[in-house]
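See structure below.
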Amino acid sequence: MRLGIFGTGYAGLVTSVCLAQLGHTVTAMDTDAGIVARLSQGLVTIHEPGLAELLGANLDAGRIRFTTRAEEAIAGSDIIFVCVGTPPRSDGRADLCQVEEVARTIAQQLDGYKLIVEKSTVPARTARWITWTIRRLAGPEHEFDVASNPEFLREGSAVHDFMRPDRIVIGADSQRARSLLLDLYKPSFECPIVVTSVTTAEFIKQTANAFLAAKISFINVMSDLCEALGVDVRTVAQSIGMDPRIGADFLNAGLGFGGACLPKDLSALISVAEENGVDIRMLQEVERINSARVDRLLTKIERALWIVRHKVVAVLGVSFKGNTDDIRGAPSLTVVPRLHDAGASLRIYDPAAMPKLQAMYPPDDRLVYAESAMDAARDANALVILTDWEEFRRLDLDRLRSVMRSPIIIDGRNLFRPAQLEAAGFEYYSLGRGDVTPGSNGHRGST
Ligand code: UGA
């Protein structure tokens, strides 16, 4: 099929490249000429495992091209995917300006029947607004449908998630739209395909992200209780996760959820509930619990160092999770300025995301970007872990202890076992297990 894609951010680029890989002919449009130029040369604009290889292969095969001209993505396309950003507004609702802009552009250039498909996460009933917008501008004679086909891709494993989905959701209110989307996916995937109404599909996506957020806040509250009771939250999480009704995923306690999706989608859902007079306090509490996580870590840092001023603190991990260079909603955006304001000297390292943080916080006499985790740790009074990069889990602990001024680790992602770090000679503070402190005489967390 011939496909037009609006937006080459995370969802748009991965969708474009993967659909090309399935054999479709893709024209991806972005208003940013710099991004279009880079992608046209095969240079990926995001850190996403496997994406660069697929982009190169599909450019070579002539199945994908990038443009700043909307008409090229519309003309001749069977399906047009809307993948533009829906960032949060200051009142918590989703900002749908870019979605409206795409709808207006399409309306002005309809050249025969088009299926317009929402991929961006949007509040339920957004498709109605898109339909009204196009209908008003294009007039009654043009044929088109608006459908919803939400993505469930996780940054850092988005290509894998696209190619091996656990389900595909197709929300379509006409037979023609349903058939087109089934034709697009059915030959390539064996997973369940849920066919439903447009509004239901939109709401499935919002509900999925809200549930994931709730699961994380749940385990984080339990982790506080675990600390108070002297039990290890990881043992509790593993054990309850063996029950298939609960499931083992998304039970990692720590700094909570960040990123561009879960926080934004949760607050947008809360706004929709409030507008509809539905009691949504449960999810408001999920948000509140999440925003308190970073404060809890900062308290631990103070407890470990007593006075933060003039201390050298190594910060490992600035992206919101491992395997991505995305810093949106990342704990580093709070922790770095707070420690800097408190007078600490920071030595920061991340395998992929440092340039993005550096653009916001340029180096100064108390803020250094290091070459490696070991380099960041050199002469540090304490090392703070903010992201679950695999590389940090595999650090040589003996060497780490030898380069640090004092062997103190405050781990916001529970990457190590307290007993392991105690044996390696560290003071170790984590979330939801007993801390290994100078006076702890063996960590308090049980197994
Ligand atoms: C999330 C969803 O997982 C995807 O299914 C969805 O498609 C995507 O949003 C989206 O709406 O586009 P993503 O934001 O890439 O994906 O990241 P997640 O893997 O969900 O992680 C979100 C945050 O939760 C991260 O900060 C992560 O560190 C945190 N997290 C995750 C935990 O604190 N504990 C866990 O057990 C799991």
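Here, each number is a calculation from the coordinates, and none is a lab measurement. The structure presented is a predicted model; accordingly, all values stated were derived computationally and were not measured. Methodologically, a virtual Cβ is constructed for each residue, glycine included, from the backbone with ideal geometry; neighbour enumeration extends over all protein chains shown.
About its Cα centre, how strong a charge dipole does the stretch 285-426 have in debye, to the nearest 20, once Lys and Arg get +1 and Asp and Glu get -1 at the Cβ?
360 debye
Could you sort 394-403, 247-256 so that the peptide with the highest average Cβ count within 10 Å comes first and the rest follow in order?
247-256, 394-403
About the Cα centre of the stretch 58-117, how large is the charge dipole given +1 on each Lys and Arg Cβ and -1 on each Asp and Glu Cβ? Please answer in debye to the nearest 20.
The calculation lands at about 60 debye.
Need one number: the % of Cα-Cα pairs in the chain sitting beyond the 36 Å mark.
34 percent
With θ set to phi - 60° and the Karplus curve 6.51 cos²θ - 1.76 cosθ + 1.60, what are the ³J(HN,Hα) couplings of the stretch 68-85 in order, to the nearest whole Hz, using x for Gly and Pro?
After applying 6.51 cos²θ - 1.76 cosθ + 1.60, I find 9, 9, 4, 4, 6, 7, 9, 4, x, 7, 7, 10, 10, 9, 9, 10, 6, x Hz.
Going toward the positive end of the dipole of the chain, with +1 on Lys and Arg Cβ and -1 on Asp and Glu Cβ, which of Ile46, Leu397, Gly112 do you reach last?
Looking along the dipole axis, the top candidate is Leu397.
Looking at the calculated P(r) for the stretch 206-287, what percent of the C-alpha pair distances fall above 16 Å?
Roughly 54 percent, rounded to a whole number.
Toward the positive end of the charge dipole of the chain, about the Cα centre and with charges on Cβ (Lys, Arg +1; Asp, Glu -1), which of Trp306, Gly12, Ser291 goes farthest?
Projecting each Cα onto the dipole axis, the largest value belongs to Trp306.
Rounded to the nearest 500, what is the chain's calculated 222 nm mean residue ellipticity when only DSSP H runs of at least 4 contribute -39500 (n - 2.57) each, over all residues?
After summing the helix terms and dividing by the residues of the chain, the value is -13000 deg cm²/dmol.
Sort the stretch 292-436 into rounded, prolate or oblate with this rule: let a ≥ b ≥ c be the square roots of the eigenvalues of the Cα gyration tensor; rounded if a/c is under 1.5, and if a/c is not under 1.5, prolate when a/b is larger than b/c, oblate otherwise.
Taking the square roots of the gyration eigenvalues as a ≥ b ≥ c, the stretch 292-436 is rounded.
Pick out which of Leu316, Leu137, Leu54 has the largest mean-square fluctuation in a Gaussian network model of the chain, springs linking Cα atoms closer than 10 Å.
Comparing Leu316, Leu137, Leu54 in the GNM, the peak value goes to Leu137.
Which of the peptides 296-307, 5-16 is most tightly packed, and how do the rest follow, judged by the mean count of other Cβ atoms within 10 Å per residue?
5-16, 296-307
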